[in-house]
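Taking it in order: structure first as structure tokens, then the write-up.
The values are calculated or read from the model by the stated rules, or taken from the named source; none is laboratory data. Nothing here was measured: the structure is a model prediction, and the numbers come from that model. Virtual Cβ from ideal backbone geometry, glycine too; neighbours counted across all protein chains shown.
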Ligand code: EPU
């Protein structure tokens with residue numbers, strides 16, 4: 001087990017490049033199952049979650065060729081049995097993204113109950129209802145789900161609430177179904193638009209991705225092709241919060257600022273000084289921060305994955321801010337750790353916390369509960385006076401590639417230590 005040792009208090013300066021988006025890469029990689037042809041995918045982030053998904057495909061019989069650190073060629077012709085390997089699936093909740101493509105291709109999947117992040121109850125009822133609408137029967141056995149369909153058939157499915165991965169799973173399944181599928185109240189995150197564009201370039205017929213109504217005309221086959229993963233909007237936003245909290249001048253490159261319109265609006269209200277370019281964001285030292293309330297929301301609202309870094313920023317802003325996490329009930333589990341570092345935050349209920357700022361933070365030993373809280377604790381430690389030890393950094397590595405090396409380039413005093 002490794003941990004980060006961080007000496008806080010140094011202003012950061014320099015350029016940091018944004019990697020490919022984890023939450024796009026996972027779905028694009030899963031979509032390679034829809035064809036026997038080779039898919040070449042570039043800009044794949046070298047992070048734990050993606051590597052586990054590639055291992056799952058390999059174990060199922062796919063050929064996964066590493067071309068360079070961020071490029072893979074994947075050929076799924078060798079997958080003969082649609083059984084997801086238990087150990088790997090338990091490691092990665094996002095393995096549910098394989099359900100859609102596997103059902104489309106084999107009409108059957110056996111999947112152990114999924115694992116993943118500890119951010120509250122994460123049911124898969126919407127997937128189950130959606131697949132049932134397409135003609136899939138689902139049996140829940142003690143250790144796994146057994147999905148089966150003689151023929152996937154297009155249908156209209158109304159989501160009871162917005163779900164990103166369920167939208168993507170149904171979209172992929174419907175691509176090879178017979179007839180037309182209409183998904184209503186679908187999620188409209190940029191990653192979904194990206195997935196649809198990629199599938200359309202390979203023969204799919206999908207309209208409306210990026211809106212709440214997606215119409216998919218089933219086709220017989222999907223071909224291989226080449227794809228570059230879009231920039232990670234969560235990294236972009238996280239680095240912006242880092243810059244606002246402890247930067248002298250941070251230039252965030254290779255990003256897509258248009259995917260973060262609501263976060264930019266909020267950061268302007270907070271008093272963060274930044275400029276947006278076409279694929280670059282420059283964040284300047286921002287000494288006068290004002291507390292502004294946050295409500296997380298589905299896209300294009302303020303993304304839940306930036307809520308924890310924003311809370312750290314609010315510890316440095318003047319006044320009271322209410323943080324309202326509406327998507328997950330387990331995403332404020334880092335608040336006690338920030339308080340241990342000197343923050344003054346009151347938990348109101350599992351969804352809401354009030355931050356009183358500004359507060360001086362001090363180094364402490366804390367454990368990351370999940371990916372996004374993990375990076376927030378890293379930012380807090382960089383702000384804090386003294387030395388911090390961040391434990392359970394596997395969680396941070398799940399989402400941010402070599403973050404210690406990249407932060408050191410900005411002047412951060414962060415070391416990855418082996419457990420002593
Ligand atoms: N939900 C259900 N039933 C379902 C599916 C979801 O009740 O069958 C609920 C969830 O429990 C949650 C809400 O619906 O309360 C929204 O969940 P959603 O399905 O949209 O989330 P997700 O698809 O599982 C993706 C990202 C998350 C990101 C959310 C919200 C991936 C692999 N994961 O999760 O990313 O927070 O959308 O934008 O794309 C992360 O990267 O750290 C992460 C957790």
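Taking residue 175, is it away from the ligand (no atom under 16 Å from the Cβ), surrounded by fewer than 18 Cβ atoms within 10 Å (Cβ to Cβ), closer than 15 Å to residue 106 by Cα and modelled with pLDDT of 95 or more? So residue 175 fails the test. What are the residues in the stretch 143-171 that are touching a helix residue (DSSP H, G or I) at 6+ places or on another chain (Cβ under 9 Å), within 13 Å of the ligand (Cβ to nearest atom) and not in a strand (DSSP E or B), if any? Passing the criteria: 159, 160, 161, 163, 164, 165, 166, 167, 168, 169, 170, 171.
Residue-level check: of (1) under 30 Å from residue 40 (Cα atoms); (2) within 16 Å of the ligand (Cβ to nearest atom); (3) out of contact with any strand residue (DSSP E or B) (no Cβ under 9 Å at 6 or more places or on another chain), residue 104 misses just (2). Of the residues 298, 325, the single one that is buried (at least 17 other Cβ atoms within 10 Å of the Cβ), more than 18 Å from residue 240 (Cβ to Cβ), within 16 Å of the ligand (Cβ to nearest atom) and free of Cβ contacts under 8 Å to residues at least 40 places away in the same chain is 325.
Within the stretch 197-205, not a single residue is within 12 Å of the ligand (Cβ to nearest atom), crowded, with 24+ Cβ neighbours inside 10 Å and either under 25 Å from residue 21 (Cβ atoms) or free of Cβ contacts under 8 Å to residues at least 40 places away in the same chain (or both). Annotation: of all residues in the stretch 120-142 being over 24 Å from residue 179 (Cα atoms) and surrounded by 12 or more Cβ atoms within 10 Å (Cβ to Cβ), the one that is farthest from the ligand (Cβ to nearest atom) is 120.
Within the stretch 364-376, none of the residues are under 20 Å from the mean Cα position of the chain (by Cα), in a helix (DSSP H, G or I), more than 16 Å from the ligand (Cβ to nearest atom) and at pLDDT 95 or above. Residue 18 satisfies every condition listed in (1) in contact with a helix residue (DSSP H, G or I) (Cβ under 7 Å, 6 or more places away or on another chain); (2) more than 16 Å from the ligand (Cβ to nearest atom) except (2).
Kindly indicate whether residue 74 is at pLDDT 95 or above, under 19 Å from residue 231 (Cβ atoms) and touching a helix residue (DSSP H, G or I) at 6+ places or on another chain (Cβ under 9 Å).
no
Do the conditions hold for residue 250, that is, is it more than 29 Å from residue 175 (Cβ to Cβ), outside any helix (DSSP H, G or I) and within 24 Å of the chain's Cα centre (by Cα)?
yes
Residues considered: 337, 418. Of these, the only one that is surrounded by fewer than 17 Cβ atoms within 10 Å (Cβ to Cβ) and touching a strand residue (DSSP E or B) at 6+ places or on another chain (Cβ under 8 Å) is 418.
Pick from the stretch 36-56 the residues that are in contact (Cβ under 8 Å) with a residue 40 or more places away in the chain and under 13 Å from residue 98 (Cα atoms): which of them is farthest from the ligand (Cβ to nearest atom)? Looking at residues that are in contact (Cβ under 8 Å) with a residue 40 or more places away in the chain and under 13 Å from residue 98 (Cα atoms), I get 56.
Of all positions in the stretch 387-398, at least one carries a residue that is assigned to a strand (DSSP E or B), at pLDDT 95 or above, touching a helix residue (DSSP H, G or I) at 6+ places or on another chain (Cβ under 6 Å) and more than 16 Å from the ligand (Cβ to nearest atom).
Among the residues of the stretch 333-345, some residue qualifies, meaning at least one is within 16 Å of the ligand (Cβ to nearest atom) and closer than 28 Å to residue 259 by Cα. Taken over the stretch 178-217, the residue count meeting the criterion of being out of contact with any helix residue (DSSP H, G or I) (no Cβ under 7 Å at 6 or more places or on another chain), in a strand (DSSP E or B) and under 24 Å from residue 108 (Cβ atoms) is 3.
The helices (runs of 4 or more DSSP H) located wholly in the stretch 10-114 that include 3 or more residues which are buried (at least 22 other Cβ atoms within 10 Å of the Cβ) occupy 22-31, 48-60, 99-106.
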